[in-house]
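What follows is a set of notes on a single structure, which appears directly below.
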Amino acid sequence: MRILITGGAGFVGSHLVDRFLSEGHRVVVMDNLITGNLNNLNHHIGNINFEFIHHDVSNFIHVPGDIDGIFHFASPADPEQYLKYPIQTLKVGALGTHNALGLARVKGARFMLASTSEVYGNPLEHPQKETYPGNVDPIGPRGVYDEAKRYAEALVMAYHRTHGLETRIVRIFNTYGPRLSMQDGRVVSNFIRQAVRGEALTVYGDGSQTRSFQYVDDLIEGVHRLYFSDYSNPVNIGTTFELTIRDFAELVNEIAGNEGGIVFKEKARIEGDPQTRRPDNSRAKEILDWQPTVSVQDGVAKTIAYFREALQSSN
Ligand code: NAD
Ligand code: UDP
């Protein structure tokens, strides 16, 4: 196959590039590097099956030659980044998705959208099933991301129903692992960066809010299985192992051997920060025979090792 991965220079996208190249497919990455980093793809430079196009997918997309599959993963994903780039985030979810769908139609390609658990907003149903329509404030600060993804899902389903396009929607829950940007404001990046520097971990609020953190390899396996399935409704890919942010901080300190402790910060928490988040992943189990396999201890240890190395080479 020859596939296009938008956002392929980012954290998740670059792991997807690795997976498809390792299977002998040809991969074209299109990325404007707004939050991504070419270092994530350095190891593929010189591979004849790999191409990189520096382009903003919110503008018309042109890719010469056949394309069998499109993975639309371009979008800022970290709350600090999408608040810094609110209009670009709305545009890539709306115009970027439209352009990528248009290209899929012209090429006769299968299309996959990277959606998010944020379509559920601050959920009133727990855990979140794919049938839960969500609780999102369109004009709250997080609305730029959440509504962009909700619109993107609606557009994907419209192309599927109207044009018969083969489409997939993956609703990704909090994912972490090597290549998470260290400058990223997401909790895993912050905690691990702080832990390897021996600093106190910053917990926003009282730390009672929960998240369910999945390791990137599990996500990529789920994405791969969903792509090759024949299922066009959304599928949650995430772990059901839920932790409070305070417990997660303690776990990171323990694994890193950090004695810096924890500090609680009231103000930094972004308005609308969901209080709980855990997928109901029974659909993925049933349809894809998928379930996460990497424990949080192993995943965090691997990510700490990556951050230590990255910090050393940046010194
Ligand atoms: P990331 O910021 O590391 O990667 C996103 C990539 O998209 C970057 O390389 C960025 O430069 C690129 N990009 C953004 N706007 C673009 C545009 N207009 N044109 C071209 N490229 C553009 O984030 P990530 O964590 O790898 O997220 C990847 C995808 O997965 C996103 O769509 C995100 O919404 C989704 N997702 C991620 C998570 C997670 O926990 N990591 C959770 C839910 C959903
Ligand atoms: N958080 C925290 N300390 C940090 C960064 C984030 O306590 O240094 C909290 C944040 O308030 C949220 C959770 O961790 O409740 C997850 O935040 P993240 O930015 O990773 O993504 P979200 O799941 O909110 O999209």
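The values are calculated or read from the model by the stated rules, or taken from the named source; none is laboratory data. All values reported here derive from a predicted model rather than from experimental measurement. Reconstructed Cβ throughout: ideal geometry from the backbone, glycine too, with neighbour counts over all protein chains shown. Side chains are part of the model used for accessible areas, which takes the heavy atoms of the whole protein and leaves out ligands, DNA and RNA. Shrake-Rupley method; radii C 1.70, N 1.55, O 1.52, S 1.80 Å.
For the residues ILE70, ILE270, ILE237, a GNM of the chain with alpha-carbon springs under 10 Å puts the largest fluctuation on ILE270.
Holding the Cα-Cα limit at 24 Å, pick out from LYS129/LYS149; LYS84/LYS149; LYS129/LYS265 the pairs that are longer than that. Mind showing how you got there, number by number?
Values: LYS129/LYS149 17 Å; LYS84/LYS149 17 Å; LYS129/LYS265 31 Å.
Flagged as over cut-off: LYS129/LYS265.
Rolling a 1.4 Å probe over the heavy atoms of the protein chains gives the chain an accessible area of 43 Å² per residue. Applying both filters, DSSP loop and at most 12 other Cβ atoms within 10 Å, to the trypsin sites (Lys or Arg not before Pro) of the range 207-315 gives LYS267.
Take the alpha carbon gyration tensor of the range 203-315, find the square roots of its eigenvalues, order them as a ≥ b ≥ c, and report rounded if a/c is under 1.5; if not, report prolate when a/b exceeds b/c, else oblate. Here the range 203-315 falls in the oblate category.
The value of relative contact order for the range 214-314, using C-alpha pairs under 8 Å at least six residues apart, is 44 percent.
222 nm [θ] for the chain, helices only, -39500 (n - 2.57) per DSSP H run of 4+, per residue, to 500? Walk me through the intermediate numbers first.
Working: 10 runs with 116 residues, N = 315.
It comes out at -11500 deg cm²/dmol, rounded to the nearest 500.
When the Gaussian network model of the chain links Cα atoms closer than 10 Å, the mean-square fluctuations of TYR231, TYR82, TYR120 top out at TYR231. For the range 1-150, averaging the sequence separation of C-alpha pairs within contact (under 8 Å, six or more residues apart) and dividing by the residue count gives a relative contact order of 22 percent.
The DSSP beta bridges internal to the chain are antiparallel in roughly 5% of cases. Take each uninterrupted DSSP H stretch in the chain, measure its Cα extent along the helix axis, and return the ones at 18 Å or beyond whose mean Kyte-Doolittle hydropathy is at least -0.5. The answer, listed by residue number, is 296-314.
Between the C-alpha center of the range 226-252 and that of the range 283-312 there is a gap of 10 Å.
Within the accessible area of the range 115-264, what % is carbon and sulfur when the probe is 1.4 Å and the other protein chains stay in place? For the range 115-264, the apolar C and S fraction of the accessible surface comes to 48 percent. Put simply, when 164-176, 137-149 are sorted by average Cβ atoms within 10 angstrom per residue, most first, you get 164-176, 137-149.
In terms of packing, defined here as the mean over residues of other Cβ atoms within 10 angstrom, the peptides 43-53, 7-17 line up highest first as 7-17, 43-53.
Within the range 1-119, all pairs of alpha-carbon atoms sorted by distance into 5 Å bins from zero give the percentages 2, 12, 24, 25, 20, 11, 5, 1. On the principal axes of its alpha carbon atoms, the chain extends 55, 46, 38 Å, with the longest extent given first.
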